[in-house]
1. Can you tell me how many residues within the range 10-63 are in a loop (DSSP other than H, G, I, E, B) and either in contact with a Pro (Cβ under 6 Å, 6 or more places away or on another chain) or of a type in the set (A, V, I, L, M, F, W, C) (or both)?
2. Out of all the residues in the range 21-35, which are modelled with pLDDT under 95 and in contact with a Phe, Trp or Tyr (Cβ under 9 Å, 6 or more places away or on another chain)?
3. Of the conditions (1) loosely packed, with under 14 Cβ neighbours inside 10 Å; (2) more than 24 Å from Ser118 (Cβ to Cβ), Gly91 clears all except one; give me its number.
4. Any chance you could count how many residues in the range 66-107 are under 18 Å from Asp24 (Cβ atoms) and either polar (S, T, N, Q) or touching a residue at least 40 places away in the same chain (Cβ under 8 Å) (or both)?
5. Being aliphatic (A, V, I, L, M) and within 20 Å of Gly11 (Cβ to Cβ) is the filter here; which residues of the range 86-104 pass it?
6. Just need a number here: residues in the range 62-109 that are β-branched (Val, Ile, Thr), in contact with a Phe, Trp or Tyr (Cβ under 7 Å, 6 or more places away or on another chain) and within 18 Å of Arg51 (Cβ to Cβ).
7. Condition first: over 17 Å from Leu109 (Cβ atoms) and touching a strand residue (DSSP E or B) at 6+ places or on another chain (Cβ under 6 Å). Now tell me which residues in the range 67-80 satisfy that.
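The values are calculated or read from the model by the stated rules, or taken from the named source; none is laboratory data. What you see is a predicted model; the values in this text were computed from it and never measured. All Cβ positions, glycine included, derive from the backbone under ideal geometry; neighbour counts span all protein chains shown.
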Amino acid sequence: MDNAPEIPGEGVGYLKIRVSTAGDVIPVEGAVVYIRSLGAGEDDRLMFSLRTDEDGATRTAALPAPTVPAEGAAPDEEPVRIYGVEIKKDGYRPLEYAGVPIYAGITSLIEAELLPESEDENYSDFPPRAELVPSSPRPGLFGGERG
């Protein structure tokens with residue numbers, strides 16, 4: 001049982017990251033994942049430093065997420081907190097994502113593909129690829145119904 005004091009308007013959202021290479025075929029073990037809080041009125045603060053396992057997955061991170069819209073938000077605006085994610089592994093190009101939305105009570109999944117470093121390659125020819133996969137659809141973001 002969690003004995004943490006409840007903060008009005010504050011809940012918990014979840015984020016899990018899977019990292020692979022070679023067209024999403026080979027899991028990347030030992031990649032370091034940094035999750036930082038971002039957003040208005042907040043410092044860029046490190047929330048988690050995780051490492052991927054043999055399946056290329058991190059453990060699920062529990063992150064603060066609002067349960068009520070921010071003051072001054074539109075009436076139909078979803079309460080959300082924004083995070084940044086950085087993924088690093090020796091021998092691969094680092095990936096960085098700003099603006100990862102986290103909603104209270106929802107587990108989000110980032111599936112990221114790392115590309116090997118090469119002195120002969122032009123980085124702009126191979127943009128990093130990642131996909132934010134919602135565990136349940138959210139109106140306005142993913143076009144589905146509330147789950």
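1. 8
2. Once the filter is applied, which keeps residues that are modelled with pLDDT under 95 and in contact with a Phe, Trp or Tyr (Cβ under 9 Å, 6 or more places away or on another chain), the range 21-35 yields only Thr21.
3. All conditions are met except number (2).
4. Summing the residues that are under 18 Å from Asp24 (Cβ atoms) and either polar (S, T, N, Q) or touching a residue at least 40 places away in the same chain (Cβ under 8 Å) (or both) in the range 66-107 gives 4.
5. Within the range 86-104, Val100, Ile102, Ala104 qualify.
6. 1
7. Thr67, Pro79
Each row is one residue, and each column tells you yes or no for (1) in contact with a Leu (Cβ under 6 Å, 6 or more places away or on another chain); (2) surrounded by 15 or more Cβ atoms within 10 Å (Cβ to Cβ); (3) at pLDDT below 95.
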site: Leu46; (1), (2), (3): no, no, yes
site: Asp55; (1), (2), (3): no, no, no
site: Ala73; (1), (2), (3): no, no, yes
site: Ala98; (1), (2), (3): no, no, yes
site: Glu119; (1), (2), (3): no, no, yes
site: Ala130; (1), (2), (3): no, yes, yes
